[in-house]
Every structure is written in C-alpha cells, then in structure tokens.
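*Asks:* Okay, handing you the structure first.
The values are calculated or read from the model by the stated rules, or taken from the named source; none is laboratory data. Given the structure is predicted, the values throughout are model-derived calculations rather than measurements. Cβ atoms come from the backbone with ideal geometry, glycine included; neighbour counts cover every protein chain shown.
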Amino acid sequence: MELSNQNFLKILPALGEFRSIICLKGDLPEKELFDALKLPIIAADGAYNRLQAKQIKAEVVIGDLDSVSKEVFPETQKIYVENQDQSDFQKALQYVREKQLEPSIILGINGGYIDHIFNNIAIFSQINGVSYMPPNLGIMIRKNCTLHFTKGTKISLFAMPICHLTTQGLFWELDHKKLEFPHFSSCFNRCSSGTLKISIHDGAIFTVVYLEDIVDAGKIG
C-alpha cells in the first residue's frame, strides 16, 4: 500500500470514529484502502462507475443516477433522488445522516472540473468529517484541537470563510490571526514539531495536510 495510505490509516483513529465512506466522482484510492477501512461505501451517482472499475462494491449508489452505468452489482442498492436543488454529494450526506452513518470519510472530492471541486469543498466545509485525497488529508476544524504529525509536515490553513485562531507548533505561527478566504490564508506552512495545537477563537478552518514528505525550499530539518 502506498505511503500516504499507510500514513492516513495511522492518523485516522486520532481524528475520531468514522461510520461510512462517501465516494464522489473525483480521484479515488485503490481497493486495498477500502478493504483496510471496512466501512459501508456510499457512491454519489457517477462515483459508482469509478468504484466498479476498481472492483469495489458500494452498498448504495444515490443521486439522479444519470451517470451510472447500466450494469450494477446485485448487492448494491440504487436510490433515485430527483431533487435538482441538491448535488449528488448532498444527497449522499442526507442518506448517511438518516441512516446514522455519520461521520463519514469523503473520497474523490478532488479531480475533474474545477467548479465541481469548489462546490464539493463548500459542501464539505459544512459537515464534520475528513476528506482523503492522496497524498492530502482535509480536516474541518471548528474547535480547539491538538494534532500529531511528523516534524516538517507541510500543512495549509484556509478560513471558511473567516477564522480567528492561534497556533502552536507551526514554523510560521499564527497568533490571534484573522484568516479570511480568499484574501488571506496560511498556505504551505510546516509543522515545527510533532505536536500542533490549534486554538479557534471564532470561525472554522479547512486544513490540508500532506501525508508524504514534500521536499522544497520550505522544508525544515
């Protein structure tokens, strides 16, 4: 299994107990990761085709089903939801909420058209969950927390849309700093130690963590 997948599985227990996987139509990891997670898989419409190509069986495929191939595994439940005021991602979120399968690991949030990616991130910013997009991990942080990463880990913080916060454990610390998307973010920062403390004074941040070593001019020893 690739390094980023191994690191994701290592970090995941510290982020909470997850009850399902929601797959979107972006880039998806290989079957070995799904086998290791052992969680119910919900495919948002066309994501089912990508899963099927990897021989990964979803328990449910949900949406307006306009992008789903005709051949569906017999074990997969098809749920047609016509509502065009919701995206297929939102329909999948509603399903896991009704079935008490929250929180979810979101896969496939990236890849494809840029407007879809922006929309997926906007929806993701409203829920409690994590988004895994190898080699990146996305976490919504709304309250004070302590995270443990390897020293030198690259990390970016984006307000959703405004956040006042203080950090302890970044190379470029934020001290009662106001982040505001898209005007001011902390992009390509680094963990200066193995422990990162984030104090949220107001608002929320979308945190992007690199699960593989990134060697560039910003690397610290």
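*Asks:* Within the set of pairs 6+ apart or on separate chains, which have a first residue in segment 180-191 that is closer than 16 Å to residue 155 by Cβ and modelled with pLDDT of 95 or more, a second that is aromatic (Phe, Trp, Tyr) and in a strand (DSSP E or B), and C-beta atoms under 7 Å apart?
*Replies:* Correct list of pairs: 185/158.
*Asks:* Looking at (1) surrounded by fewer than 16 Cβ atoms within 10 Å (Cβ to Cβ); (2) touching a Gly at 6+ places or on another chain (Cβ under 8 Å); (3) hydrophobic (A, V, I, L, M, F, W, C), find the lone condition where residue 124 falls short.
*Replies:* (1)
*Asks:* Also: Scanning segment 156-190 for residues that are closer than 20 Å to residue 216 by Cα and among the aliphatic types (A, V, I, L, M), which turns out surrounded by the most Cβ atoms within 10 Å (Cβ to Cβ)?
*Replies:* 157
*Asks:* Given the criteria under 20 Å from residue 89 (Cβ atoms) and out of contact with any strand residue (DSSP E or B) (no Cβ under 6 Å at 6 or more places or on another chain), does residue 111 qualify? Reasoning before the result, please.
*Replies:* Numbers: under 20 Å from residue 89 (Cβ atoms): yes; out of contact with any strand residue (DSSP E or B) (no Cβ under 6 Å at 6 or more places or on another chain): yes.
Yes: the conditions hold for residue 111.
*Asks:* If you don't mind, there's one more thing I want to ask. So residue 2 ticks every box in (1) modelled with pLDDT of 95 or more; (2) touching a helix residue (DSSP H, G or I) at 6+ places or on another chain (Cβ under 9 Å) but one. Which box is left unticked?
*Replies:* (1)
*Asks:* For segment 100-127, give me the residue count where each residue is free of Cβ contacts under 8 Å to residues at least 60 places away in the same chain and either of a type outside the set (A, V, I, L, M, F, W, C) or under 20 Å from residue 142 (Cβ atoms) (or both).
*Replies:* Counting residues in segment 100-127 that are free of Cβ contacts under 8 Å to residues at least 60 places away in the same chain and either of a type outside the set (A, V, I, L, M, F, W, C) or under 20 Å from residue 142 (Cβ atoms) (or both) gives 7.
*Asks:* Just one of (1) out of contact with any Lys or Arg (no Cβ under 6 Å at 6 or more places or on another chain); (2) without any contact (Cβ under 8 Å) to a residue 60 or more places away in the chain trips up residue 135, so point out which.
*Replies:* (2)
*Asks:* Which residues, taken from segment 73-114, are under 23 Å from the mean Cα position of the chain (by Cα) and aromatic (Phe, Trp, Tyr)?
*Replies:* 89, 95, 113
*Asks:* Would you mind stating whether residue 216 is farther than 21 Å from residue 13 by Cα, in a loop (DSSP other than H, G, I, E, B), acidic (Asp, Glu) and modelled with pLDDT under 95?
*Replies:* The answer is yes for residue 216.
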